[in-house]
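The values are calculated or read from the model by the stated rules, or taken from the named source; none is laboratory data. Predicted model only: the values in this text are computed from it and were never measured. Note that each Cβ is placed from the backbone with ideal geometry, even for glycine, and that neighbours are counted across all protein chains shown.
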Amino acid sequence: MKKPLSVYIHFPFCEKRCGYCDFVSCTATENVDAYLQKLCAEIRAFDFSPYQVNTIYLGGGTPSLMTPNQLEKVLKCLPACAGEVTIECNPNSLTQMKCAAYRRLGINRLSLGVQSFDNATLRDLERIHDLKQAYDAIKLAHAYFDNLSIDLIKDIPQHTFVTPPPEILAMIKHISIYSLTKDDHCVLDTDEPVHLPSDFVRYEVSNYARAGYESKHNLVYWTGGEYIGFGAGAHSLLNNQRFCNSNAILTYQRELPFTRSAEDIHDEQIMLGLRLRSGVARSLLVGKDDAIKLLAEHGLVTVTPTHVIATTAGLKVLNQIWLRLV
Ligand SMILES: C[S@@+](CC[C@H](N)C(=O)[O-])C[C@H]1O[C@@H](n2cnc3c(N)ncnc32)[C@H](O)[C@@H]1O
Ligand code: SF4
């Protein structure tokens, strides 16, 4: 019986760098061919034989900057995947020809980096698309993809979060709403409320989905499943070892693996569970009854016979809750 595996592939090229972003990416597109050659060699060298690939995520950077031919060459290095195959796209580099090609390549989920429904915010985020381009890209992607997600950012100083309008919500199945992080990776103090129609369920602290459209790939990360990352800066978790590739785009190397102790795994499972609507299994919280009772009295968690679940108030102070439960 083959083991389930998820695959992340990093495409570290962007048309322009956005000031707030610290993902591994550059604008040196003259290096794309050399990078893809290294990437394909890395994928081909991996032994997929014990695994069944269940999800693939083409992330970036900006995968939609690649030509369909370039993406096809990379995807051909992988075994077949009958499950969720996602591509991250920027609104300004999405075209009808690319959408059609993605479908042909077996991509069945598209995640569009809209970031904001306000032009002034888009300008201050140094995005190269405006609101009209975002609308056009959503309409175009919707024509080809039932499983359409958008990324938004909130807690941006001097700007107010704008809820996607109803005509946009009608076209999408999933929304990721990230709190803007600064260079030091800290989430800013503000915590703007988000109001979405109730059919978008907050199934993870930053993610909302209509029923059945939760990101299967990301759920693997959040539930401790196995994944392999290819490309610069990509992370992996295999055989209880975490490892990652270095960030140097043309010369990245796999860094030394880190084997997790039983305590690391336990503490990580509690944090991941707190972020999820499904909550933390009570079996992970032996000896913590008093702490759970206190957190519940403060309205920060709800308790079921099997799970402890962070409330909306609790989701704002996850670290403090976690410290009391580990
Ligand atoms: C890896 S980026 C790639 C998406 C795509 N290149 C784009 O910009 O449209 C994935 C998402 O991370 C989010 N993101 C990037 N930098 C962030 C930051 N500093 N704080 C919060 N979210 C961030 C954005 O919402 C972005 O769409
Ligand atoms: S947010 Fe997206 S487009 Fe902007 S630099 Fe990061 S990866 Fe590139």
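Could you list, in sequence order, the residues of the range 90-130 that are more than 16 Å from ligand 2 (Cβ to nearest atom), touching a Phe, Trp or Tyr at 6+ places or on another chain (Cβ under 9 Å) and polar (S, T, N, Q)?
Selection gives Q96, N108.
Give the residues of the range 273-324 that are touching a residue at least 24 places away in the same chain (Cβ under 8 Å) and in a loop (DSSP other than H, G, I, E, B), sorted by residue number.
Passing the criteria: R277, S278, G279, L285, K288, T304, T306, K316.
Looking at I265, I270, which one is more than 18 Å from V7 (Cα to Cα), touching a helix residue (DSSP H, G or I) at 6+ places or on another chain (Cβ under 6 Å) and assigned to a helix (DSSP H, G or I)?
One residue alone meets the criteria, I270.
Looking at the structure I just gave you, is N54 away from ligand 2 (no atom under 16 Å from the Cβ), in contact (Cβ under 8 Å) with a residue 24 or more places away in the chain and of a type in the set (S, T, N, Q)?
yes
Just wondering, is there one or more residues in the range 147-163 that are surrounded by 17 or more Cβ atoms within 10 Å (Cβ to Cβ), touching a residue at least 12 places away in the same chain (Cβ under 8 Å) and either outside the structural domain of F46 (by TED's automatic domain parsing) or among the aromatic types (F, W, Y) (or both)?
yes
Could you list, in sequence order, the residues of the range 93-121 that are within 11 Å of ligand 1 (Cβ to nearest atom) and surrounded by 21 or more Cβ atoms within 10 Å (Cβ to Cβ)?
Scanning the range 93-121 gives L94, S111, L112, G113, V114, Q115, S116.
Residue-wise test of (1) under 30 Å from S149 (Cα atoms); (2) surrounded by 20 or more Cβ atoms within 10 Å (Cβ to Cβ); (3) among the small types (G, A, S).
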{"position": "Y208", "(1), (2), (3)": "yes, yes, no"}
{"position": "G212", "(1), (2), (3)": "yes, no, yes"}
{"position": "V220", "(1), (2), (3)": "yes, yes, no"}
{"position": "N239", "(1), (2), (3)": "no, no, no"}
{"position": "D289", "(1), (2), (3)": "no, no, no"}
{"position": "K293", "(1), (2), (3)": "no, no, no"}
{"position": "T304", "(1), (2), (3)": "no, no, no"}
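Taking interchain pairs and intrachain pairs at least six residues apart, which have beta carbon atoms under 8 angstrom, with the first residue in the range 1-27 and farther than 23 Å from G225 by Cα and modelled with pLDDT under 95 and the second acidic (D, E) and more than 10 Å from ligand 2 (Cβ to nearest atom)?
So the pair list comes out as D22/D183.
Does any residue of the range 226-233 turn out to be loosely packed, with under 13 Cβ neighbours inside 10 Å and either outside any loop (DSSP other than H, G, I, E, B) or hydroxyl-bearing (S, T, Y) (or both)?
No: the range 226-233 contains no residue that is loosely packed, with under 13 Cβ neighbours inside 10 Å and either outside any loop (DSSP other than H, G, I, E, B) or hydroxyl-bearing (S, T, Y) (or both).
Sort out which residues of the range 43-64 are more than 9 Å from ligand 1 (Cβ to nearest atom), part of a helix (DSSP H, G or I) and within 22 Å of the chain's Cα centre (by Cα), and write them in order of number.
I43
In the range 161-190, how many are more than 16 Å from ligand 2 (Cβ to nearest atom) and modelled with pLDDT of 95 or more?
15
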